[in-house]
Amino acid sequence: MCNAVPVFEAKNKLPFFIHMAETEGPVPITRYNQEVAYIISKSDYDEMKATSMPQKSLAQKLQDNRKKYGLEDDNFDYTEYFDSLRDRNYFGRPGAEHIFDDVEVPEE
């Protein structure tokens with residue numbers, strides 16, 4: 001890796017630094033003496049992309065855990081269970097729209 005290059009210099013000599021990235025490796029770019037970016041070759045980028053692990057979605061992680069614990073073929077009705085949690089009568093007050101509906105507030 002070469003020495004860091006200020007942004008203004010990289011802007012003025014971009015083809016030179018691209019060639020440098022292709023031959024010598026990543027070129028760090030600095031702003032106010034702090035590294036803020038890198039110029040990298042396509043081959044370095046492709047290698048980095050191939051070796052990085054793809055991020056799984058939450059749904060995929062949940063499905064993986066279900067398979068891990070043998071739950072992918074269970075017969076539990078999750079829809080009915082979660083609907084019961086959303087049932088307005090769940091809090092013991094028929095017709096309640098919210099957990100705090102019809103709660104008597106003591107007068108001062």
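Read-outs: derived from the displayed coordinates by stated rules, not from any lab. For clarity, every value in this text was computed on a predicted model and none was experimentally measured. In this analysis, Cβ positions are derived from the backbone assuming ideal geometry, glycine residues included, and neighbour counts consider all displayed protein chains.
Once backbone amide H atoms are built at 1.01 Å from N, Thr30 has Val5, Val7, Val36 as its partners under 5 Å, excluding neighbours fewer than 5 places away on the same chain.
Could you order peptides 26-39, 44-57 by the average number of other Cβ atoms within 10 Å of their residues, highest first?
Working: 26-39: 13.5, 44-57: 9.3.
Put in order of decreasing packing, that is 26-39, 44-57.
In this label model, Lys49 and Asn33 are separated by 3.7 nm, measuring between points 7 Å along each Cα→Cβ vector.
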